[in-house]
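Let me begin by presenting the structure, written as structure tokens, before commenting on it.
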Amino acid sequence: MGIFDFLRRRTPGDLLRERLFDLAARGDAAGFEAACRENAEAIEAAFAGWKTVPTAVRKDPARVGAWANALLAIARCLAERLARRGPMDDLVGTPETNPVLRWQETLRTVKGLKDDASYADAADLLAPVVEEMRRITGTGVASLLPIALGWIGECRFQAGDAAGAVAPMEEALSLCEKAGDDQGTRAYLGNLAEVHRYLGRGADAAALLERLADRVGGDEGAVLRRRAARTRRRPAARGSRSRRTTTRGRGSSRSWRWRSPRRRTGATSSARRRS
């Protein structure tokens, strides 16, 4: 935080935002709705300014996500409880004005291509979207970029380019870890382990399975550790697919079931181009 940020006096709008954010973070649904009702007009007047995430917050992906979730909760409360759609419309926008909505439409199209096993077409459609995301900052990017990267990795793998799947999946994993997204981290640890195992890189696959076991713990973690030990001792022949479908350790005759983190709340928030 810069000295001018520190010295700047907080406005009534700042104080109201802090109160609402705190109520949302604490899960006080009744208090949150009451505060929204009591301050509906003030919220509408200040909401546009709240969409600008402070510099200090933008440096922490977890805080960016919390900021986005709180904004969405406020907008949703006003729209659904008070029939005041201004903040929601301001927050979500349209595909023409909000790139996040455009990306979501692309992801829906890509999912259809994946369901049809058109993996090469899906990867080609995602590539320019990922490049656009890299040029933009904002809460939507933090939520959707790991998913897009993971899907590119999955599509490349399924299209026969296993080596080309590693880099986007590693980036997706790194983004999830930095954001504190445990579900996404687990998904990409498992997916990357399968890619490395398929490529005959037993040590790399085992190391990823051990990291996944540390996160999972319990009986499931113990199963993963045994798989890691077997993989380290007897690496699979390059090109053979795993017969396990989940990280729960249950065997199956099907090939690996790819995992993607669910889109987090707030993914329709604003996005800004990098300067």
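What follows is calculated from the coordinates using simple rules that are stated; it is not laboratory data. Keep in mind the model is a prediction, meaning the values are calculated, not measured.
List the lysines whose alpha-carbon lies under 19 Å from that of K59, not counting same-chain residues fewer than 8 positions away?
Cα-Cα hits under 19 Å: K51, K178.
How big is D for segment 21-104, in µm² s⁻¹ as a whole number, if Stokes-Einstein is applied with the Kirkwood radius of its Cα pairs at 25 °C and 0.890 mPa s? If you can, show how the numbers build up before the last one.
On the way: Rh = 13.5 Å.
My calculation gives 181 µm²/s for D.
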